[in-house]
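Undergrad: If you scroll down you'll find the structure; I have some questions about it.
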Amino acid sequence: MSVSGTTSGDGAKGRSGGPGSAAWELLRPAVAAPARSRGRALRSALREAVRSGRLAPGTRLPSSRDLAGDLGVSRGLVTEAYEQLTAEGYLRSDRGAGTWVGGAARAARPAARDRAPRRPGPGIDFLPGTPDLSLFPRAGWATAYRAVLAEVPHGALGYPDPGGLPRLRTALAGLLARRRGVVADPQRLVVCSGVAQALTLLGLVLHARGERAVGVEDPGSPPHGALFAATGVRAVPLPVDGEGVALGPLAASGVRCVVTTPAHQFPLGIAYSARRRADLLEWARAVDGLVVEDDYDGDFRYDRSPVGALQGLDPEHVLYTGSVSKSLAPGLRLGWLLAPERLVDALVERKRTMDLGNPAADQEVLARFVESGAYDRQLRRCGRAYRERRDALVGAVREGFPGARVTGISAGLHVIAALPGRFGPEARFLGRAEAAAVAVRPLSSYAEHASSVPDDGAVRLVFGYAHLPPARIVDGVRRLAAAVGAADGA
């Protein structure tokens, strides 16, 4: 039989340009499958041929007898495949007129793209926001996972408490009270997929209660405003001075909620002063408002013990949030929020409707990690590594760019370097950095308003360093200095 002709064994006329023998080559691996799965494989192959366009809409198919003979299978196998795909809409069958490819299916889309954030190519990047993922405790995490899978009862793998497993909430409450000085009632703690989901949940709750605006730091973390915007709540940029978010603009803005990073402000790197922390809480009490404390980099302090969380001063007016993204890995998508009592039930209900809770096994593993002391050991290990890298960066910047002022060095995973005006202007500097295959971000890229960044001619850069080994940090700064210095004839 010819499968490329315009008629089938049924004797009916077909559309010119039939399927062609090449299309049936797609079916041959299917009929070579084991007898038990041959019918399923044939149906799958026919579907794929239609989806991919190899069998175009309107194409006349051979009779079941002819196709079975061509493929060397039983007629019943082909008949069953035709009937099944006709029922699904891939084919259509006209009594006495044969079987045709239907028009419902469309060509398959290309393979899924990877949309994960990617660092620049082969050069050296100082973009902030990523820890050293090679420090992730693979062996310890794997051991904890095996233990969890071996020990937890079957029922523990059902739908979890949407607010988080009680075991994990209890373990995190103890950890946060001990390390960050929070008032940590496990009943007020909600396990979520990082700070991003915590802010999204809050935005949804605030919107449902009639709030339409929140304050965010300027300069500040770009995701904060975008996350609230996605919930219908507008972000109002508020300037940050040397002590924290400025109280005058905050009071004048009319908002009743403000998002802050008081332990190590992103990106300026300052710690909120004691006076500003007190004034901020007085504002929240006066307007019956809420301060959101994103504890960005709160665990990493190099000159003394970490500054205690703002939440510990007034847990009824501060919503505290953090995650393991910097201490373990962002890909785990594990974080938490501690909320004022009046918001807890609404936040848990939003979490339930959003995703029914975080994966139970992952929560069990983190709980075990915290309870065993492994998480504290991980924090100490990361702290030693990041302090060494911070020292390497500060030394390299001061050597490569004489007169540079480096600030924000006492905590966190990034610093601010203000380079003398002779290395500017900023656009020219960034162009030379790109030509030297060194990726850096200017402080201005984190500001909504130009007035939020000093206009004194200095080139202000945000240097992230946690993901780079010391030797590469030094090499990157030297490469950058050479490119800029050479162009200036220095």
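Undergrad: How high is the FRET efficiency between Ala274 and Arg178 when r is their beta carbon distance and R₀ equals 22 Å, given to the nearest 0.05?
TA: Working: r = 22 Å, r/R0 = 0.98.
Efficiency, rounded to the nearest 0.05: 0.55.
Undergrad: Can you give the accessible area per residue of the chain, in Å², using a 1.4 Å probe?
TA: 45 Å²
Undergrad: Using the charge dipole of the chain (Lys, Arg: +1 at Cβ; Asp, Glu: -1 at Cβ; taken about the Cα centre), state which of Gly269, Gly123, Ser305 has its Cα farthest towards the positive end.
TA: Gly123
Undergrad: For region 416-490, max minus min Cα coordinate along each principal axis, in Å, sorted largest first?
TA: That works out to 36, 32, 18 Å along the principal axes.
Undergrad: Based on the mean of other Cβ atoms within 10 Å per residue, sort peptides 327-337, 137-147 so the most packed one is first.
TA: The most tightly packed comes first, giving 327-337, 137-147.
Undergrad: Another question, then. Across region 338-347, in residue order, what do the Karplus-derived ³J(HN,Hα) couplings come to in whole Hz, using 6.51 cos²θ - 1.76 cosθ + 1.60 with θ = phi - 60° and x for Gly and Pro?
TA: The phi angles translate into 10, 10, x, 4, 5, 9, 4, 4, 5, 5 Hz.
Undergrad: Put one equal scatterer on each alpha carbon of region 291-351, apply the Debye formula with no solvent term, and list log10 I(q)/I(0) at q = 0.20, 0.28 1/Å to two decimals.
TA: -0.86, -1.16
Undergrad: Given a 1.4 Å probe and every protein chain left where it sits, what share in percent of the accessible area of region 132-172 is carbon and sulfur?
TA: In region 132-172, the share of accessible area belonging to carbon and sulfur is 63 percent.
Undergrad: Going by average Cβ density within 10 Å per residue, which order do the peptides 213-222, 270-279 take, highest to lowest?
TA: Highest-to-lowest ranking by the protection proxy: 213-222, 270-279.
Undergrad: Given the rule -39500 (n - 2.57) for each run of at least 4 DSSP H residues, summed and divided by the residues of the chain, what is its mean residue ellipticity at 222 nm, to the nearest 500 deg cm²/dmol?
TA: -13000 deg cm²/dmol
Undergrad: How would you order 152-160, 463-471 from highest to lowest mean count of nearby Cβ atoms within 10 Å? Kindly include the intermediate steps, with their values, before the conclusion.
TA: Working: 152-160: 11.2, 463-471: 20.2.
Order by mean packing, descending: 463-471, 152-160.
Undergrad: Determine the gain in length on full extension of the stretch Asp455-Arg377; use 0.36 nm per residue of separation and subtract their C-alpha separation, reporting nm with one decimal.
TA: Extra length available between Asp455 and Arg377 comes to 23.8 nm.
Undergrad: Let me ask another. Provide, as a two-decimal number, the C-alpha radius of gyration of region 71-182 over 2.2 N^0.38 Å, N being how many residues it has.
TA: For region 71-182, the normalised Cα radius of gyration comes out at 2.10.
Undergrad: With labels modelled as points extended 7 Å from the Cα through the Cβ direction, what inter-label distance (nm, one decimal) is found for Ala471 paired with Arg398?
TA: Calculated label separation equals 2.4 nm.
Undergrad: Using only the alpha carbons, work out the radius of gyration and Dmax of region 340-490 in angstrom.
TA: According to the Cα coordinates of region 340-490, Rg and Dmax are 21.1, 64 Å.
Undergrad: Any chance you could run the full-extension gain for Asp391 through Arg352? It's 0.36 nm times the residue separation minus the Cα-Cα distance, nm to one decimal. Write down the numbers at each step before the final one.
TA: Details: separation 39, 0.36 × 39 = 14.04 nm, distance 4.42 nm.
Net length gain for the segment: 9.6 nm.
Undergrad: So, one more: Taking the Kirkwood radius as the inverse of the mean 1/r across Cα pairs, report the Rg/Rh of region 262-369.
TA: 1.00
Undergrad: Something else now. Past the 22 angstrom mark, what percentage of all C-alpha to C-alpha distances in region 161-238 do you count?
TA: Of the Cα pairs, 38 percent sit more than 22 Å apart.
Undergrad: For the pair Arg36 and Ala226, what calculated FRET efficiency results from E = 1/(1 + (r/R0)^6), where r is the Cβ-Cβ distance and R0 = 45 Å, to the nearest 0.05?
TA: Working: r = 52 Å, r/R0 = 1.15.
Result of the calculation: an efficiency of 0.30.
Undergrad: Among (1) 22.7; (2) 26.8; (3) 23.6, which one is Kirkwood radius over Cα pairs in Å computed from these coordinates?
TA: Here Kirkwood radius over Cα pairs in Å agrees with entry (2).
Undergrad: Apply the Karplus curve 6.51 cos²θ - 1.76 cosθ + 1.60, θ = phi - 60°, to the phi angles in region 293-301 and return the couplings in whole Hz, x for Gly and Pro.
TA: Each residue's phi maps through the Karplus curve to give 9, 7, 7, 4, 6, x, 7, 10, 10 Hz.
Undergrad: Which value, in debye to the nearest 20, describes the size of the charge dipole of the chain about its Cα centre when Lys and Arg Cβ atoms bear +1, Asp and Glu Cβ atoms bear -1, and nothing else is charged?
TA: 1560 debye
Undergrad: Could I ask something else about it? Given H placed on each backbone N at 1.01 Å, which residues far from Asp218 in sequence or on other chains put an amide H within less than 5 Å of it?
TA: Leu238, Val240
Undergrad: Can you tell me, using C-alpha contacts under 8 Å and at least 6 residues apart, the relative contact order of region 346-442 as a whole percent?
TA: The normalised contact order for region 346-442 reaches 12 percent.
Undergrad: Determine the distance separating the Cα centre of region 276-295 from the Cα centre of region 430-470; give it in Å without decimals.
TA: Rounded to whole Å, the Cα centres lie 30 Å apart.
Undergrad: Taking all protein chains in place and a 1.4 Å probe, what share, in percent, of the accessible surface of region 253-300 do carbon and sulfur account for?
TA: Details: 710 of 1420 Å².
In region 253-300, the share of accessible area belonging to carbon and sulfur is 50 percent.
Undergrad: How long are the semi-axes of the ellipsoid equivalent to region 116-194, from square roots of 5 times the Cα gyration tensor eigenvalues, in whole Å, largest first?
TA: Working: eigenvalues 185, 82, 37 Å².
With the √(5λ) rule applied to region 116-194, the semi-axes are 30, 20, 14 Å.
Undergrad: At 0.36 nm per residue, minus the direct Cα-Cα distance, what do Ala208 and Ala147 gain on full extension? Give it in nm, one decimal, please.
TA: Additional length available on full extension: 17.8 nm.
The values are calculated or read from the model by the stated rules, or taken from the named source; none is laboratory data. Note that the structure is a prediction, hence the values are computed from the model and not measured. When we count neighbours, we look across all protein chains shown, and the Cβ atoms used for this are built from the backbone with ideal geometry, even at glycine. What goes into the accessible areas is simple: the full protein's heavy atoms, side chains included, and nothing from ligands, DNA or RNA. Shrake-Rupley method; radii C 1.70, N 1.55, O 1.52, S 1.80 Å.
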